[in-house]
Every structure is written in C-alpha cells, then in structure tokens.
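S.K.: First the structure, which I've put down as structure tokens, then a few questions once you've had a look.
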Amino acid sequence: MLDATTRSGGTATASPRAAATELLVPVSVPAPVTPVPAPARTGLAVRCTRVLLSPWSRLSLLVTLLAAAASGVLLFEPQNLLAEGWPPQLGGATAALVFAVAYGLCTVAFVPRPLLNLAAGALFGSQLGLGAALGGTVLGAGIAFGLGRILGQDALRPLLRGRLLKAADGQLSRHGLRSMLAARLFPGVPFWAANYCAAVSRMGWLPFLVATALGSVPNTTAYVVAGASASSPTSPVFLIAAAGIALPALGGAVVAWRKRHHLRAR
C-alpha cells in the first residue's frame, strides 16, 4: 500500500482514504427562524381614528361648522358687503361670478336668500342678477347637501322613527325630483331645512340639484326684478314683482293654516 506520496518519477500521489477525508467539507445548517407576530391594531391612534370617524363625531363637526358660520354672519355681516357691491374693483360677469360664490357660502351660513336676491338685482340688473342669484342658490344648496350627506346622514337616519318622519323620508327618497321641486316652489319651506332634510334622505345628487335650480326660478326672479326696479317703486315691473313675492307667500300661509287644522282634526 502506498503512502501519501511516492517518489517514483518525482510525482506525488494521494491515497484513496486521504482523498475521501479531504472531500468531506462541513456544511453549517441555519437555525430555524421563529416568525414574529404582527402587532395588533389596537393602539391609541387606531382608537382615536375610529372615534373621530364615528357618525356622532361627524355630526358634532357639522353642528360646530354651522354654528361657527352663523356666528360669523352675526359678527361680520357679510351680506352688507354683498349689498355694497363687493369686491368694488371688479365689474360685469366677473363680479357676478364672485357674487354667486359668496352668495352660496352665505346661504350655508343661514343668511336669508330674499336679501341676497334683492342685492343681486340692485347690483347687476334683472338678467345678470338672476344668473348670479340662481348660480349661488344651486352652489349653496350643493354645499349644504354635501355637508349633511357626509357628516350627518349616518347619525341621523337611525332617528327617523316617527310616522311623519318616516313618511317624509320615504317621499324624498322615492320621489326626490318631484318632492324637492315642490319644496322649492312652496314659500313656507326654509331653504336650509330642505337642504339638510334631503341630505339625510336617500335622494340622489342630480335630482336634488335639478329640482333646486328649476324650483327656485319663480321666487328668485321676483326678488331679483324687485331689487333691480326698486328705484321706481310705482313702475309696473316693480308692482308685478312685488305681487309675485306676496301672492305665493299668502298662498303658502293659507295652505299651512289649513294643514294645521287638518292635523288637529286627526
């Protein structure tokens, strides 16, 4: 048997046992990795987010925003700025567009629309004033509807338990266009009340905005024309506009009085 080397011919030859020993290379086996469980999503941030996004928190935010807007109107009286033609450096269609935006924001803050409509007619005349007033009406109604839908609907819908409330909700939800058109034409329904009642119902955006635009035309036209012709109160145009304001209001009062006695009889 040969050793690790032979000297014949000057060549070194390895023995089979030594070669087998040299081929054995130690292989390290990695230790098993224990999976780390993900932290449970029950932290303070998650709980605060749930509370802030809850229906009653959103309703509280809506009430706070509306209270702040109403307080701002009482303190700063922005309707006086509109009546004076704010901003004074603008004119024509640009001023009417700015007026329409301010008109919409003021209606969300519960500024009475008749005052804004009279101001629109006095500042821009019948045609441009009517366009600005109607644009502001639709804009303000859309803002109020969106606020009520996003911030108030989830909290208020479970409270619709009375018979009259359920009937009104069903009428607005199933016949949105017709119901809102009647509410806009009837002078006894406050503008803001119709907006938020529609937002709590399941009425769609398109019927609400279309009914608002169409139903607001007669009353808005009468006020805008009256404001445009207020400098000549004895003119036929002003008298017709005044009649267009007074007659629907008188008819609405009569209908409300009759309905009152009808409900008492029940």
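The values are calculated or read from the model by the stated rules, or taken from the named source; none is laboratory data. Since we're looking at a predicted model, the values are computed, not measured. Here Cβ is always computed from backbone atoms with ideal geometry, including for glycine, and neighbour counts include all displayed protein chains. With ligands, DNA and RNA removed, areas are computed over all heavy atoms of the protein, side chains included. Shrake-Rupley method; radii C 1.70, N 1.55, O 1.52, S 1.80 Å.
S.K.: Does Ala193 satisfy the criteria of being of a type in the set (A, V, I, L, M, F, W, C), without any contact (Cβ under 8 Å) to a residue 60 or more places away in the chain and closer than 16 Å to Val108 by Cα?
M.R.: Against the criterion (of a type in the set (A, V, I, L, M, F, W, C), without any contact (Cβ under 8 Å) to a residue 60 or more places away in the chain and closer than 16 Å to Val108 by Cα), Ala193 qualifies.
S.K.: Run Gly121 past the list (1) surrounded by 20 or more Cβ atoms within 10 Å (Cβ to Cβ); (2) assigned to a loop (DSSP other than H, G, I, E, B); (3) not aliphatic (A, V, I, L, M) and report the number of the one that doesn't hold.
M.R.: Unmet condition: (2).
S.K.: Need pairs with beta-carbon distance below 7 Å; first residue open to solvent by 30 Å² or more (accessible area, probe 1.4 Å) and within region 128-139, second not in a helix (DSSP H, G or I); sequence gap 6+ or separate chains.
M.R.: Leu134/Ser216
S.K.: Just to check your reading of the model, which residue among Leu90, Leu105, Leu123 is at pLDDT below 90 and either among the charged types (D, E, K, R) or farther than 19 Å from Gly244 by Cβ (or both)?
M.R.: Leu90
S.K.: Go over the candidates Ala256, Ala243 one by one and state the one that is assigned to a helix (DSSP H, G or I), closer than 22 Å to Pro112 by Cβ, at pLDDT 90 or above and out of contact with any Ser or Thr (no Cβ under 9 Å at 6 or more places or on another chain).
M.R.: It is Ala243.
S.K.: For region 194-226, which residues satisfy the criterion of being under 10 Å from Met180 (Cα atoms) and either polar (S, T, N, Q) or in contact with a Cys (Cβ under 6 Å, 6 or more places away or on another chain) (or both)?
M.R.: Hits for region 194-226 are Asn195, Thr212.
S.K.: Okay, next question. Starting from residues that are in a helix (DSSP H, G or I), open to solvent by 60 Å² or more (accessible area, probe 1.4 Å) and without any contact (Cβ under 8 Å) to a residue 60 or more places away in the chain, keep the ones in region 61-80 and report whichever is nearest to Ala119 (Cα to Cα).
M.R.: Asn80
S.K.: Kindly provide the set of residues from region 155-176 that are assigned to a helix (DSSP H, G or I) and open to solvent by 80 Å² or more (accessible area, probe 1.4 Å), ordered by number.
M.R.: Leu159, Arg163, Leu164, Leu165, Lys166, Arg174
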